[in-house]
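Following: one structure in structure tokens, then a few remarks.
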Amino acid sequence: MPVFRQPGFWKRLEARGDAWAAKRLSPDEFAEAVDLDRRLKANWVRWLLWYFAGIVLFTIGLMLIKGGFDSWPTAFLMANLLGMCGVVFMLSAWYGYRKWTGARARRNFVLFVGAILLGGAGGIVGDMLANHRPLAEMVPEKMSTIAGTALMMAFVAFALITSIANLRQRDSNQRMALLKGEAERERLARQTLQAELKLLQAQVEPHFLFNTLANVRYLVQTNSPDALAMLDHLIAYLRTALPEIRSESSTLGREAELARAYLEIMRLRMGGELRIEISVPEVLARAPFPPLMLITLVENAIKHGVAPLAKGNVSISARAVEGRIEVVVEDDGRGIAGAVGRGVGLTNVRDRLAALFGEGARLDLESREGGGTRARIVVPE
Amino acid sequence: MKNATAIIADDEPMLRKQLRAALAQAWPELEILAEAANGAEAVNAVREHRPSLVFLDIEMPGMNGLEAAQAIGEQAHVVFVTAYDRYAVEAFERGAVDYVLKPASMERLAETARRLRARIGSPAPALDSILGELARRIAPTSDHLQWLQASLGNTIKLINVDDVSYFQSDTKYTRVVTRDGEALVKKTLRELSSELDPRHFWQVHRGTIVNIRSITSVSSDDTGRREITLKDRTEKVEVSRTFAHLFKAS
């Protein structure tokens with residue numbers, strides 16, 4: 001029994017072919033190939049009939065060309081040859097459109113024309129050898145006619161192929177752009193969710209609260225007049241901070257007040273060795289501003305900048321620049337050269353800004369060589 | 001037996017005073033030898049005064065309490081002082097580490113003092129195994145480098161790694177190229193490659209690491225040389241043969 005009659009031979013061969021194609025082709029190319037396979041298998045009788053109809057017409061055409069082919073079988077063979085070529089080129093243009101656009105198209109064009117000229121030359125030489133005719137007998141006019149026809153055909157075929165390929169490329173680009181846009185939106189939505197979750201986790205920060213209470217306890221115990229001030233600032237802080245956790249938007253004024261309460265508490269805790277400066281213009285105080293971002297920058301200024309030196313200045317300033325709000329937190333502390341690296345606070349702010357405003361917002365941080373850090377948030381007004 | 005001695009380390013002056021006052025009541029014979037405002041000072045003070053106890057605040061700037069405890073080792077009994085932190089307290093309980101909560105109530109402090117009195121004669125236990133776990137719980141960090149310190153003239157900028165297009169090694173340092181420009185990171189490419197998230201940062205050349213999220217296309221010419229085109233950058237980045245397999249034929 002011949003090998004191709006063995007049970008499952010064709011199935012195995014097909015599976016192998018599929019595996020080979022899957023490895024060679026990119027996922028979307030493979031998907032197209034599968035689609036083509038399905039279409040051909042579903043309607044193969046019809047496709048074959050169409051093909052033969054085309055070939056028969058082509059054969060008649062070839063016989064009608066004056067001085068063309070002298071017998072029907074030769075013409076039929078030729079029609080089949082050219083027809084196959086045509087089918088292959090069309091398929092290549094439709095499915096392998098990436099090969100027929102841009103720089104690769106130019107290279108393929110040169111190969112294409114080269115192949116046609118070479119084929120023409122081969123035909124002439126073959127004719128010469130087969131019919132024992134000297135080269136001199138090949139009249140120059142005939143040669144130029146053949147070359148001209150071949151080139152013209154090449155140009156027409158090539159124009160057809162590249163225009164199909166270009167259409168397909170444009171279509172594919174649009175599809176890709178659409179997919180990319182969708183993926184981007186999905187990514188942003190996911191990011192927002194994650195950021196909110198992180199925000200909740202980050203904000204339930206009992207350290208600050210209990211440390212402050214420990215200070216209050218001492219101040220009360222020692223009958224210090226600062227006890228009352230400390231409690232007032234703590235109340236102001238909690239009043240602003242607690243509803244913040246769930247709210248999506250706040251105003252710059254509220255955020256600045258939260259930062260002020262926090263800084264006042266820290267000033268007392270540091271024994272007065274902290275100078276605070278907050279300047280937010282009246283108009284901007286009413287502007288919407290995402291919650292708990294400014295306070296993160298201020299906490300960083302204390303933790304990484306001022307606290308290591310046990311004294312310093314922290315200033316917050318806001319201004320409107322060309323339809324954007326710019327908020328700057330500046331300290332004269334140790335600078336960023338020493339600390340940070342994998343901190344989650346700043347990353348959280350950055351992710352939330354990206355989720356809320358995309359490219360419209362930014363977060364910059366820089367230090368001078370000698371110390372002092374400047375953090376800046378810019379959001380659309 | 002000689003009197004128990006101690007050092008108090010906390011970055012907040014008032015909290016040092018508070019603990020000192022509370023200890024004076026709960027444990028009158030305990031002698032406070034010195035106070036320290038951060039981890040490094042605490043380590044030095046322990047070396048200098050050789051106390052039997054050291055009260056260490058965990059959250060301190062510079063060297064924190066956990067790092068200081070590591071450096072102090074078995075030179076003194078370590079008692080951690082912490083504001084509420086569920087995870088830390090759990091770990092303390094399980095590791096039988098002594099701790100004091102802020103703000104400390106008198107009863108709790110008196111009980112801690114009783115326990116410490118009993119322990120003070122025996123040598124200080126080694127804390128190494130529990131310190132690592134505490135560090136992980138108390139200072140959660142992401143696994144990979146998120147922010148780079150890059151110098152530009154005499155300013156230092158923090159650059160988020162997501163904004164980076166690619167890194168190019170430059171003698172001892174590394175040039176970091178972003179959409180807005182470039183700066184210098186004082187790390188070698190090798191150091192960076194071990195710290196960056198390998199899902200997003202691929203080494204494509206001996207001297208280049210690319211952020212794959214900023215790649216728009218990869219092209220190859222007839223000789224098989226591959227080049228990467230990046231978002232918002234005009235120059236192209238070469239892929240060396242060794243790393244060409246990362247980008248399968250397209």
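Inclusion of A:Ala301 among residues that are under 18 Å from A:Arg368 (Cα atoms) and either touching a strand residue (DSSP E or B) at 6+ places or on another chain (Cβ under 6 Å) or among the aliphatic types (A, V, I, L, M) (or both) is warranted. The residue that is farthest from the chain's Cα centre (by Cα), counting only those in the stretch A:299-319 that are aliphatic (A, V, I, L, M) and within 19 Å of A:Gly271 (Cβ to Cβ), is A:Ala310. A search for C-beta distances below 9 Å between a residue of the stretch A:88-112 that is within 12 Å of chain B (Cβ to nearest Cβ) and any residue that is part of a loop (DSSP other than H, G, I, E, B) and polar (S, T, N, Q), counting only pairs 6+ apart in sequence or on different chains, returns A:Arg98/B:Ser250.
Of all the numbered requirements in (1) among the basic types (Lys, Arg); (2) more than 13 Å from every other protein chain (Cβ to nearest Cβ); (3) under 28 Å from B:Leu15 (Cβ atoms); (4) in contact (Cβ under 8 Å) with a residue 40 or more places away in the chain, A:Arg275 misses one, and that requirement is (4).
Considering only residues in the stretch A:352-373 that are at the interface with chain B (Cβ under 9 Å from one of its Cβ atoms) and surrounded by fewer than 19 Cβ atoms within 10 Å (Cβ to Cβ), the one that is nearest to B:Leu145 (Cα to Cα) turns out to be A:Asp364. Residue-level analysis places B:Val164 among those that are modelled with pLDDT of 90 or more, within 29 Å of the chain's Cα centre (by Cα) and within 14 Å of chain A (Cβ to nearest Cβ).
The values are calculated or read from the model by the stated rules, or taken from the named source; none is laboratory data. Fair warning: this is a prediction, and the values are worked out from it, not measured in the lab. All Cβ positions, glycine included, derive from the backbone under ideal geometry; neighbour counts span all protein chains shown.
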